[in-house]
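Inspection log for the structure reproduced underneath, given as C-alpha cells.
The values are calculated or read from the model by the stated rules, or taken from the named source; none is laboratory data. A quick note: this is a predicted structure, and the numbers were derived from the prediction, not measured. Positions of Cβ are backbone-derived with ideal geometry, glycine not excepted, and every protein chain shown enters the neighbour counts.
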Amino acid sequence: MKFDLHVHTNWSDSRSSVQQVLEAASRKALDGLAITDHNTVGGAQEALRSAQRLFVIPGEEVETRQGEILALGVEEPLPPGLEAREAVDGIHGQGGLAVAPHPTVPLLNTLPISLLRSLPLDAVEVFSSITPLAWRYARRNMRLAEDLGLPMVAGSDSHHHGTVGDAYTLIDVDAQGLDAVLGAIKAGKTKIGCASSKWTYKLHMLLGFLEPSAAPRRARNAFFRLYGRPTW
Ligand SMILES: [Zn+2]
C-alpha cells in the first residue's frame with residue numbers, strides 16, 4: 001500500500017484543510033496517509049471521520065523538550081514539552097510508532113543524534129520532500145537508519161496540499177487494519193519513493209520559517225537545544 005506518512009493540515013501550520021489534503025491524496029493515487037499535525041490530533045481525527053476510500057493513520061508531530069517526534073497510530077494527543085523518552089513511551093502506550101523525522105537536517109527542531117541512539121524508536125524518516133537539498137540529507141538519513149538498524153520511511157512533510165504524496169512509503173501489508181500497517185512498518189516491510197517538492201513550496205515554507213511570528217519560537221528552541229531547558 002502506498003502511504004504519505006507525514007502530512008500537516010490547517011489544524012497546525014499548513015495552509016490546507018483536511019478536505020483539500022484528502023482530495024490531493026486521492027488525486028495522487030495514494031492508498032492512505034498519516035495526518036501528523038504539530039501537537040494536535042485534531043486534523044487526524046477529522047480525517048478519520050471524513051476519509052472514505054483512503055486509509056488514514058492518525059498521528060501527531062510532537063514537540064518534545066529535545067526535538068520533534070513523529071507519532072504514527074495515536075488518537076490521544078501527546079502534549080508538547082514532554083521529555084523525548086516520555087513521549088516515546090506515551091506513543092508506544094497507545095500502540096503507535098515513534099519515528100525520527102528528518103533527523104540530520106539542520107535548523108529544524110530535530111532530536112540530537114546522540115539521543116536517537118538511546119531512544120527506543122521504531123523507524124527513521126529518511127526522505128522529506130519539503131527539505132531543501134532533500135537528496136543530500138536523504139543519504140545522511142539512510143546511513144543513520146542503517147547504523148541504528150531501523151526501518152526507513154518517507155513522507156512529504158506537506159504544509160500545502162500541492163505537495164501531498166511527493167514522497168511516499170510502500171508498505172507490504174498482508175492483513176487489514178491499523179495494527180497490520182503499523183506492524184509492517186516496524187518489521188521494515190517498507191520501500192520508499194521520493195520526489196523533492198517544487199521549489200515554490202519550499203520557498204513558501206522558508207518564508208513561513210522566517211515569519212516574524214515564528215521567530216521567537218525558533219530562537220527559543222535553538223537556545224534550548226544548545227543550553228538545555230530550564231527546569232522551573
Ligand atoms: Zn512535519
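What to note about this one:
Results for (1) surrounded by fewer than 16 Cβ atoms within 10 Å (Cβ to Cβ); (2) in a loop (DSSP other than H, G, I, E, B); (3) touching a residue at least 60 places away in the same chain (Cβ under 8 Å); (4) among the hydrophobic types (A, V, I, L, M, F, W, C), shown as yes or no for each residue.
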| position | (1), (2), (3), (4) |
| --- | --- |
| Asp4 | no, no, yes, no |
| Thr9 | no, yes, no, no |
| Glu23 | yes, no, yes, no |
| Asp37 | no, no, no, no |
| Val56 | no, no, no, yes |
| Gly59 | no, no, no, no |
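- The lone exception for His102 - which of (1) part of a loop (DSSP other than H, G, I, E, B); (2) within 17 Å of Thr190 (Cβ to Cβ); (3) away from the ligand (no atom under 16 Å from the Cβ) it fails: (3)
- Residue pairs meeting the criteria (Cβ under 9 Å; at least 6 apart or on separate chains; first under 15 Å from Asp174 (Cβ atoms), in the stretch 185-210; second in a helix (DSSP H, G or I) and modelled with pLDDT of 70 or more): Lys189/Gly183; Thr190/Ala184
- Residue match in the stretch 49-62 (condition: at pLDDT 95 or above, more than 16 Å from the ligand (Cβ to nearest atom) and of a type in the set (Val, Ile, Thr)): yes
- Filtered residues of the stretch 61-77 (kept if surrounded by fewer than 20 Cβ atoms within 10 Å (Cβ to Cβ) and of a type in the set (D, E, K, R)): Arg65, Glu75, Glu76
- Boolean, Gly96 is more than 15 Å from the ligand (Cβ to nearest atom), out of contact with any Ser or Thr (no Cβ under 7 Å at 6 or more places or on another chain) and touching a residue at least 60 places away in the same chain (Cβ under 8 Å): yes
- Lone qualifier among Ala24, Ala44 - being in contact with a strand residue (DSSP E or B) (Cβ under 6 Å, 6 or more places away or on another chain) and not acidic (Asp, Glu): Ala44
- The stretch 39-54: number of residues that are closer than 27 Å to Ala175 by Cβ, touching a Phe, Trp or Tyr at 6+ places or on another chain (Cβ under 8 Å) and not in a helix (DSSP H, G or I): 0
- Scanning the stretch 144-153 for residues that are touching a strand residue (DSSP E or B) at 6+ places or on another chain (Cβ under 9 Å) and more than 15 Å from Lys189 (Cα to Cα) returns Leu144, Leu148.
- Listed by position, the strands (runs of 3 or more DSSP E) enclosed by the stretch 110-212 that each have at least 1 residues that are surrounded by 15 or more Cβ atoms within 10 Å (Cβ to Cβ), away from the ligand (no atom under 16 Å from the Cβ) and modelled with pLDDT of 90 or more are 152-155, 168-171, 190-193.
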